[in-house]
Amino acid sequence: MIKGINARKILLKSGRIIDPFSKKTFNGDLLIESGKISKISDSISTKGKDYKVINCKGLVVTHGFCDMHVHFREPGREDKETLESGSYSALAGGFTQVCTMANTNPVIDSPEHIHYIVSKSQKLPIDIFPIGAVSKGMKGEELTEMLLMQKNGAIAFSDDGVPIQNAQFMKLALTYSKMLNVPIMNHAEDIFLRNDGVMNASSISNNLGLKGNTSLGEAVMVYRDLLLAESLNSKLHLLHLSTKEAVDLLKQFKSKKQLITAEVSPHHLYFVDEDIDSFDTNLKVAPPVRSKKDRKALIEGIKSGLIDCIATDHAPHTLEDKETTFNEAAFGMIGLESCFGVVNKVLVKENGMSLKSLIEKITVNPRKVMNLETNLFDIGSKAQITIFDPNEKWKFKNSHILSKSSNSPFIGKDLVGKVKFVISKNQFFTL
Amino acid sequence: MLKSKHLIGLEHFPISDLNKIIDTSFKFKEILNTESRKSILLKGKTIVNMFFENSTRTKISFSLAEKRLGADSINFSASTSSVKKGETLKDTVQNIESMKIDGAVIRHGHPGSALKLTEYIDGAVINAGDGSHEHPTQAILDMVTLKEKFGKIKGLKIGIVGDILNSRVARSDIFALKKLGAEIVVCGPSTLLPGDAKRLGINITYNLNEVLNWCDAVIALRIQLERMHLGRIPSKREYHSEFGLTYEKISKLKKDIVIMHPGPMNRGVEIDSKVADSDNAVILDQVLNGVASRMSILYLLLGDGDIKL
């Protein structure tokens, strides 16, 4: 755990301020008083003031990151992650707001469950917004009380972890959610085509003797969801895209519909199926890391703006769940602490994306999808700020992880770009 | 007396016929309010009531209307007839027809069944509800109730709340109200609203308070609880909270609005008892007007037309 100090009077001095809302970049100072943004200008004098001055020379000062897709395992598997441990894990990655998925035990499928998450999160150092389940018990049969759940704080709806296989049910969900103006986020994998696959179906899975999960499984369901959302004029958010086919389909539909949004996870931008050469169970994830061709399409998709957001799909698991055979290991990897170093390295350093553009994908864009406030540098706003060194090279280690779990294939990898300070909920954190 | 020979639905029903039925209903209501409550306007006429689907108030309402007009009526219900033995609609009806009848009232679970009936018999056919299609006599009694309350229908603001998609009452009410120049807003969960509101020429909202603050009268529809099992609504609790005519919502309104319901009511789901039993509710007036309207319909379709009221 990291300890914050009260953000009563903090002056961020000489940073490169990037405001992804106004799209302005300049070198200057940013003053926080009583946890709120009180002044932004080229230079703020410290004469006669008792500001705590943070030297931000060479650092980027921007909006706190927002991850619209995490699994915090509470209630039910507090041994993997709790709302509290998850929020420190998020802070370590520069995130000041996260949206938690509903596949806990019990499933977050009622207004009472939403209320539980909201009230338990009140005192935590970041904002946690629960995503409610689309169907009761995530069985894909009966709609949840979405209207009452929204009134209690549900920010969107998803059965993530379990694909909504019944197309009629998906249609009803997309219809019912029109009343709420929030997206339905479906885990798009046709379960019959997935066919119990544990990794991408390819010559690699054949060589390893592992059962393959074909990219068609994602493509078929993404296509179905896009058709339904377009014809109903509903909000649809595509989770963790992993295939070129899905990116191509998104391209077809997105030109016509702005209600459709999509995300990609850092691990799908970084790894490919060939990396599973030694059966590393930390690389077992759903949907699976795909081929080089898919990875390239995802990188192009996020660079071009076709894919709106980067979301970690932070999925903690115990050692027991991962220290087993590839077939038996649980799906998922943690991703909050390593996120920025990974995407900055892959997208900005290796693939020529602008840093400004990358920042949008983890700040204003996810907030827009989730109907959250996006103008964070407005004077008087509660300070949600992340300060990072865009060029620092570092090796990702166990010691960087604040999650209760450490199932990350990034351990030992060289990353570029490191979060140094975070301001969230009236507290200043040094990492 | 009317341009139409049958009353199958209101979508294509002539507006002059509709107005005539409504106006004549008031005359029958006067008769119903007299001591004897009876006339001999349809003496010698035979009417068969064919209820292939369960009904309480519509069935009794038609029977009463027929009795008050002095007609001979026979009742037929699917549960105690040869339909159970596998007889087709056509055979059942032609057998009854061959017994010489002047008119038939039909309630059937399938849309189009009333229209089908006109091919098989010579007498007048009155649709008492065909599946999710139309329920024209209910809409007419609703028009009579509105006109009785407001003196006119043109320009009235009417909210219809509930399962618009599957409701024959909503469909017939919408056709009638539109013909007579009322403004309509329908409200309900998006899974129970029609996708073609534009074609129907109606406005749609999911916000009940908005409708209640706007309308002169609101018609709450029965929510069929089996819809819940078809996944269209998540729970009674959510429906009641968001789309129920609750006392809390009604008591906050700045002006009184007229409360209507075609029955049977799910008290505590689409309407609170306190609202259903309030002074603004005209739900029982609707029932009495149902008898008067059906007398009017039967008389105008079956009568000889030479008796002046």
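Nothing in this text is a laboratory measurement; each read-out follows from the coordinates by a stated rule. Every value quoted in this text rests on a predicted model; they were computed, and no experiment measured them. Here the Cβ positions follow ideal geometry from the backbone for every residue, glycine too, while neighbour counts run over all protein chains shown.
Just a few scattered comments:
- Near A:G417, once Lys and Arg are set to +1 and Asp and Glu to -1 for all other residues with Cβ below 10 Å from its Cβ, the sum equals +2.
- Annotation for the range A:131-193 versus the range A:353-414: alpha-carbon center distance of 27 Å.
- Distance between the range A:324-341 and the range B:202-271 - C-alpha centres, whole angstrom: 48 Å
- Annotation: Cα Rg of chain A relative to the compact-globule expectation 2.2 N^0.38 Å equals 0.94.
- Ordered from longest to shortest, the equivalent ellipsoid semi-axes for the range B:136-284 are 21, 18, 14 Å, each the square root of 5 times a Cα gyration tensor eigenvalue.
- In this label model, A:S231 and A:E392 are separated by 5.2 nm, measuring between points 7 Å along each Cα→Cβ vector.
- For the cross-link pairs A:K13/A:K382; A:K3/A:K397; A:K123/A:K284; B:K5/B:K67; A:K292/A:K404; A:K349/A:K425, the ones whose C-alpha atoms lie over 23 Å apart are A:K123/A:K284; A:K292/A:K404; A:K349/A:K425.
- Label reach from B:M1 (point 7 Å along Cα→C-beta): in the range B:287-305, amide nitrogens under 13 Å belong to B:293-305.
- Karplus-derived HN-Hα couplings along the range A:125-130 (A = 6.51, B = -1.76, C = 1.60, θ = phi - 60°), whole Hz, x at Gly and Pro: x, 10, 7, 10, 10, x
- The range A:126-219: radius of gyration and largest Cα-Cα distance (Dmax), Å: 16.1, 51
- For chain A, the mean residue ellipticity at 222 nm estimated from helices alone is -7500 deg cm²/dmol, where every DSSP H run of n ≥ 4 contributes -39500 (n - 2.57) and the total is divided by all residues, rounded to the nearest 500.
- The range A:64-369, relative contact order in percent, only Cα pairs under 8 angstrom and at least six apart counted: 17 percent
- Helix A:83-92 and the longest principal axis of the C-alpha atoms of chain A enclose an angle of approximately 60°.
- Of A:L336, A:L259, A:L91, the one that fluctuates the most in a GNM where chain A has Cα springs shorter than 10 Å: A:L259
- Subtracting the Cα-Cα distance of A:F192 and A:D414 from 0.36 nm times their residue separation leaves 76.1 nm of extension gain.
- Of the two radii for the protein assembly as shown, the radius of gyration is 1.12 times the Kirkwood radius, both from the alpha carbons; that is the Rg over Rh value.
- Percent of Cα-Cα distances greater than 18 Å, calculated over the range A:25-172: 63 percent
- Interchain or long-range residues, amide H under 5 Å from A:T82's placed H: A:K404
- Gyration tensor over alpha-carbon atoms, the range A:243-351, equivalent ellipsoid semi-axes in Å: 26, 14, 14
- Near-label residues of the range B:247-290 by backbone N, under 15 Å of a point 7 Å along Cα→Cβ of B:K236: B:265-273
- The share of alpha-carbon pairs in the range A:167-322 lying farther apart than 20 Å comes to 49%.
- Magnitude of the charge dipole for the protein assembly as shown, about its Cα centre and with charges confined to Cβ atoms of Lys, Arg (+1) and Asp, Glu (-1), is about 1900 debye.
- Taking 28 Å as the limit for the C-alpha separation, the pairs A:K244/A:K420; B:K38/B:K149; B:K43/B:K178; A:K49/A:K361; A:K251/B:K198 exceed it in the case of A:K244/A:K420; B:K43/B:K178; A:K49/A:K361; A:K251/B:K198.
- Spacing of the two label points (7 Å from each Cα toward its C-beta) at B:N203 and A:E350, in nm: 5.6 nm
- For the range B:255-261, putting each phi into the Karplus relation 6.51 cos²θ - 1.76 cosθ + 1.60 with θ = phi - 60° gives couplings of 10, 6, 10, 7, 10, 10, 7 Hz, in residue order, rounded to whole numbers and with x for Gly and Pro.
- Compactness ratio for chain B: Cα radius of gyration over 2.2 N^0.38 Å (N = residue count) comes to 0.99.
- Counting only Cβ charges, +1 for Lys and Arg and -1 for Asp and Glu, the dipole size of the range B:26-67 around its Cα centre is about 100 debye.
- Of the GluC sites (Glu not before Pro) found in the range A:321-411, those in coil by DSSP whose Cβ has at most 16 other Cβ atoms within 10 Å are A:E323, A:E328, A:E350, A:E373.
- Angle in degrees between helix A:244-254 and the longest Cα principal axis of chain A, rounded to the nearest 10: 70 degrees
- Debye log10 I(q)/I(0) at q = 0.14, 0.20, 0.21, 0.24 Å⁻¹ for the range B:110-218, Cα point scatterers: -0.58, -1.05, -1.12, -1.33
- In the range A:254-307, the trypsin sites (Lys or Arg not before Pro) that fall in loop regions by DSSP, at most 11 other Cβ within 10 Å: A:K256
- Helix A:215-232 vs. chain A, principal-axis angle (Cα, 0 to 90°, nearest 10): 70 degrees
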